[in-house]
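K.L.:
Quick one: the structure is below, questions incoming.
What follows is calculated from the coordinates using simple rules that are stated; it is not laboratory data. The model shown is predicted, which means the values in this text are computed figures rather than measured ones. Virtual Cβ from ideal backbone geometry, glycine too; neighbours counted across all protein chains shown.
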Amino acid sequence: MKIDRLIGILSVLLQEEQTTAPKLAEQFEVSRRTINRDIEALCMAGIPIRTAQGTGGGISIMDGYRMDRTILTSKDMQMILAGLRSLDSVSGSSYYGQLMEKIQAGSSEFISGRDSILIDLSSWYRKSLAPKIETIQDAISERHLIRFRYYAPSGESVRTVEPYYLVFRWSNWYMWGWCLKRKDFRLFKLNRMDKVSETGRCFECREASVPDLSDEKIFPGGIKVKALFEPDQKWRLVEEFGPSCFTENDDGRLLFTADYTDMDNLVTWMMTFGDKAEVLEPEEVREKIKATIEAMRKNYSRRK
């Protein structure tokens, strides 16, 4: 991600008298053009960077400049390192690990005690997520179109997309980009993407504001659900919807109420509770569950 790379480049420049664009490009595994854009961004941020061409030339910070690190407390540094470590859990390269080493080496006086926050963003899918994330990050940096096969409830299709953001939300990774097929911005779930590759074709950046990923925007609700759950399912309701999603009846059963977005997902979710739950409303969901149970009964009665 660009901000992490900028921090890394600045860290290198603060520790070394001079470096070169090819060396930085190799170290951060990006192109020289990307490094040149990063140097411009640092200059625009007020960092006095000097570049010199020819033999003995390179990139350096002007003499006398220093970054006042007193603005960072020990807790601040621990939070920065925890964030970088979480990104390293899904990184397809050693970039974040190297960046952590650089920050730790130059900030040992700010870091004390053992780590108190450990974050793994990869969940069960590290082997499949890491190469996708790396490819999408490179495509965003180079402004290259990406192509992939996408599996959605409506079917599968091949998409070509202008990638703008990688997003971790609702315990999953997503990509926000302009879909050439739909002619609009779309949110794509990485676990549903296959054969992700850069096309090598550049695109002109659109006005892509940070996506509104509020629950109300992405999951607008619309299906008013009322259901009864057995008391021993309280832990699941609390885990998935919070302790305010139900009230306890006199008989101990839990009266659950919520707004749901997708009918099929609702039926599937209710089915995972087996005989521990009963939908009261809407009637359409009750009928769908009964039809599903009947179809399952037929499937399992065929073989004797």
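K.L.:
Rounding to the nearest 20 debye, state how big the charge dipole of the range 145-287 is about its Cα centre with +1 on each Lys and Arg Cβ and -1 on each Asp and Glu Cβ.
P.N.:
It works out to roughly 1100 debye.
K.L.:
Give the calculated FRET efficiency between GLU281 and THR261 to the nearest 0.05, with a Förster radius of 22 Å applied to their Cβ-Cβ distance.
P.N.:
0.85
K.L.:
Mind giving me the FRET efficiency for ARG182 and ILE223? R0 is 35 Å, r the Cβ-Cβ distance, nearest 0.05 is fine.
P.N.:
So, using R0 = 35 Å, E works out to roughly 0.90.
K.L.:
Take the Cα coordinates of the range 126-212, assign each an equal point scatterer, and use the Debye formula without solvent to give log10 I(q)/I(0) at q = 0.13, 0.18, 0.21, 0.26 Å⁻¹.
P.N.:
-0.36, -0.72, -1.01, -1.59
K.L.:
Dipole size in debye (nearest 20) for the range 126-212 around its Cα centre, Lys and Arg Cβ +1, Asp and Glu Cβ -1?
P.N.:
Once rounded to the nearest 20, the dipole reads 380 debye.
K.L.:
I'd like to know which of PRO282, MET175, TRP269 lies farthest towards the positive end of the charge dipole of the range 173-304, counting +1 on Cβ of Lys and Arg and -1 on Cβ of Asp and Glu.
P.N.:
The listed residue farthest towards the positive side: MET175.
K.L.:
For a quick protection proxy, order the peptides 288-300, 272-284 by their average other-Cβ count within 10 Å, most packed first.
P.N.:
So the order, starting with the most tightly packed, is 272-284, 288-300.
K.L.:
What spacing in nm lies between the two simple spin-label points modelled at GLU230 and MET296, each 7 Å away from Cα in the Cβ direction?
P.N.:
If labels sit at GLU230 and MET296, their model points lie 1.4 nm apart.
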